[in-house]
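Peer 1: Please find one structure pasted underneath; my questions will follow.
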Amino acid sequence: IDVSSSGKVLEISPSIDSASRTFYVKVSAMGPNLRSGLYARVSFPGIRERLLLVSTKALIRKGQLDGVYAVASDGVVAFRPVKVGRVFAGDTEILSGLGDGEQIVVNGIEKAIDGGKLAEVKKP
């Protein structure tokens, strides 16, 4: 069906199907021939397409600064101030201060030291 309609987002699934790169969104839509169970391609005006998200538990507050511990290629950890955006079910949007693909400390941040080196964890 080639139909345009507007609606209101009622529910967004917190998980994404990595194989199809899709997620469930429940929308109240008005229009002819629209009924429950249909699949659609939708757009959200005003929403950026690409977001940089990090686990909210990776964020640290130092004074007035929000930041993360970024890990350099040599394993050295450094506090990196970031500008945060919206929060989504356990993840926080990073607006600036961190690049796509950079590694950060998520678990054990209470033990991380600015300028310290990560210890190698051996799997049994």
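The values are calculated or read from the model by the stated rules, or taken from the named source; none is laboratory data. Since the model is a prediction, treat every value here as computed from it, not as a measurement. Cβ coordinates were reconstructed from backbone atoms using ideal geometry, including for glycine residues, and neighbour counts include every protein chain displayed.
Peer 1: Restricting the search to the range 52-65, which residues are of a type in the set (A, V, I, L, M, F, W, C) and without any contact (Cβ under 8 Å) to a residue 24 or more places away in the chain? Lay out the reasoning, then the answer.
Peer 2: Filtering the range 52-65 for residues of a type in the set (A, V, I, L, M, F, W, C) gives 52-54, 58-60, 65.
Listed by number, the list holds a single entry, L65.
Peer 1: In the range 76-124, which residues are under 21 Å from the mean Cα position of the chain (by Cα) and of a type in the set (D, E)?
Peer 2: D91, E93, D100, E102 - these are the residues of the range 76-124 that are under 21 Å from the mean Cα position of the chain (by Cα) and of a type in the set (D, E).
Peer 1: Oh, and also: Kindly provide the set of residues from the range 57-97 that are among the basic types (K, R) and under 19 Å from I113 (Cα atoms), ordered by number. Let's see the steps before the verdict.
Peer 2: First, pick out the residues of the range 57-97 that are among the basic types (K, R): 57, 61-62, 80, 83, 86.
The answer is K57, R61, K62, R80.
Peer 1: Test of understanding: among V3, V76, V27, V82, which residue is surrounded by 12 or more Cβ atoms within 10 Å (Cβ to Cβ), touching a Gly at 6+ places or on another chain (Cβ under 7 Å), at pLDDT below 80 and not small (G, A, S)? Give the derivation first.
Peer 2: Working: V3 fails: surrounded by 12 or more Cβ atoms within 10 Å (Cβ to Cβ); V76 fails: at pLDDT below 80; V82 fails: at pLDDT below 80.
Only one candidate passes the filter, namely V27.
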